[in-house]
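J.: The structure that follows is given in the form of structure tokens.
The values are calculated or read from the model by the stated rules, or taken from the named source; none is laboratory data. This structure is a prediction, so every number in the text was calculated from the model and none was measured. Glycine gets a Cβ as well: all are built from the backbone with ideal geometry, and neighbour counts include every protein chain shown. Note: accessible area is taken over every heavy atom of the protein model, side chains too, but ligands, DNA and RNA are not part of it. Shrake-Rupley method; radii C 1.70, N 1.55, O 1.52, S 1.80 Å.
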Amino acid sequence: MDINSSIGCRVSECKYHAGDSQHCTLDKIMVGKNESYSSKAEDTDCESFKAKEDKAY
Ligand code: SF4
């Protein structure tokens, strides 16, 4: 699995997470907002996230 060193990520629950390295493995991601107007980091989300299929959350 290739690590994209340009996309740092700490969401280890995602199937695209690089595991030991705190990075994403996708070539690109889409970041969206979960509020109509984003004024802080918590108002944004990685919309490319997919939960690992072998775990239930
Ligand atoms: S898709 Fe998003 S949440 Fe998943 S590893 Fe990549 S940056 Fe992180």
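J.: Just the residues that are aliphatic (A, V, I, L, M) and part of a strand (DSSP E or B), please, taken from the range 1-35.
T.: Selection gives Ile7, Val31.
J.: Residues of the range 23-35 being open to solvent by 100 Å² or more (accessible area, probe 1.4 Å) and in contact with a Cys (Cβ under 9 Å, 6 or more places away or on another chain), which ones?
T.: If the condition is that a residue be open to solvent by 100 Å² or more (accessible area, probe 1.4 Å) and in contact with a Cys (Cβ under 9 Å, 6 or more places away or on another chain), then Met30 is the only one that fits.
J.: Among the residues of the range 36-49, write down those that are surrounded by 11 or more Cβ atoms within 10 Å (Cβ to Cβ) and either more than 7 Å from the ligand (Cβ to nearest atom) or part of a loop (DSSP other than H, G, I, E, B) (or both).
T.: Filtering the range 36-49 for residues surrounded by 11 or more Cβ atoms within 10 Å (Cβ to Cβ) gives 38, 43-49.
Within the range 36-49, Ser38, Asp43, Thr44, Asp45, Glu47, Ser48, Phe49 meet the criteria.
J.: So Lys52 fits all but one of (1) loosely packed, with under 10 Cβ neighbours inside 10 Å; (2) modelled with pLDDT under 95; what number is the exception?
T.: It fails just one condition, (1).
J.: Now a separate question. Starting from the range 30-42, keep only residues that are within 19 Å of Ser6 (Cβ to Cβ) and small (Gly, Ala, Ser), then list their pairs with residues that are open to solvent by 90 Å² or more (accessible area, probe 1.4 Å) and assigned to a loop (DSSP other than H, G, I, E, B) whose Cβ atoms are within a distance under 7 Å, requiring at least 6 positions of separation or different chains.
T.: That search, which allows pairs on different chains as well, returns Gly32/Glu47.
J.: Which members of the range 10-22 meet the condition of being closer than 19 Å to Glu53 by Cα and either surrounded by 11 or more Cβ atoms within 10 Å (Cβ to Cβ) or aromatic (Phe, Trp, Tyr) (or both)?
T.: Val11, Ser12, Glu13, Cys14, Lys15, Tyr16, His17, Ala18
J.: Could you tell me how many of the residues in the range 1-35 are among the charged types (D, E, K, R), more than 12 Å from the ligand (Cβ to nearest atom) and touching a strand residue (DSSP E or B) at 6+ places or on another chain (Cβ under 7 Å)?
T.: 1
J.: Report, ordered by the first and then the second residue, all pairs with beta carbons closer than 8 Å, sequence separation of six or more or different chains, a first member in the range 3-18 that is under 14 Å from Asp45 (Cβ atoms), and a second member that is modelled with pLDDT under 95 and loosely packed, with under 12 Cβ neighbours inside 10 Å.
T.: Glu13/Lys55; Glu13/Tyr57
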